[in-house]
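These notes are about the structure you will find just below.
The values are calculated or read from the model by the stated rules, or taken from the named source; none is laboratory data. Keep in mind that what you see is a predicted model, and the values were worked out from it rather than measured. When we count neighbours, we look across all protein chains shown, and the Cβ atoms used for this are built from the backbone with ideal geometry, even at glycine. Remember, those area values only see protein heavy atoms, side chains included, never the ligands or the DNA or RNA. Shrake-Rupley method; radii C 1.70, N 1.55, O 1.52, S 1.80 Å.
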Amino acid sequence: MKMNLYSIFDTKSGVFDRPFCAVSDGAATRAFGDMCKEPESVIGKHPDDFALYRVGSWNNVDAQITVEPKECMITGPEILSQMDNVAELKRGQ
């Protein structure tokens, strides 16, 4: 099964963290959002400094890694804003 590879970029250090796999952009975005809301993590303490990038894919059938041009999926401030909007909509129902 082909899965996407993602990495979180730290704008303050100028480096990407080790990559992780997710089945879709939505799943990776949700995981990143959870990290941004975790108050004890570096990402949670400084979400403005981080962004989620898709960097390639991984096939777990043949162990093939494919590097792709990196694409910014969402930044820390963007995901927190989206999560706040969803929470506000749920309160209004």
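These residues, LEU80, LEU52, go from largest to smallest accessible area, 1.4 Å probe, as LEU80, LEU52. For the chain, set up a GNM with springs between Cα atoms under 10 Å and report which of ALA31, ALA22, ALA63 has the largest fluctuation. Maximum fluctuation in the GNM of the chain, among the listed residues, is at ALA63.
Among ARG54, ARG18, ARG30, the largest mean-square fluctuation in a Gaussian network model of the chain, built with springs joining Cα atoms closer than 10 Å, belongs to ARG18. For ILE74, the residues whose modelled amide H falls within less than 5 Å of its own, excluding neighbours fewer than 5 places apart on the same chain, are LEU52. In this Cβ point-charge picture (+1 for Lys and Arg, -1 for Asp and Glu), the chain has a dipole of about 140 debye about its Cα centre.
Size of the range 1-75 from its Cα atoms: along the principal axes, largest to smallest, the extents are 38, 22, 16 Å. Across CYS36, CYS21, the residue with the most accessible area heads the list, and the full order at a 1.4 Å probe is CYS21, CYS36. Per residue of the chain, the DSSP helices (runs of n ≥ 4 H) give a summed -39500 (n - 2.57) that works out to -10500 deg cm²/dmol at 222 nm.
Counting only heavy atoms of the protein chains and using a 1.4 Å probe, VAL55 has close to 40 Å² of accessible surface. Based on alpha carbons, the Rg and Dmax found for the range 37-81 are 14.1, 39 Å. Of all the options PHE16, PHE32, PHE50, the one that moves most in a Gaussian network model of the chain with Cα springs shorter than 10 angstrom is PHE16.
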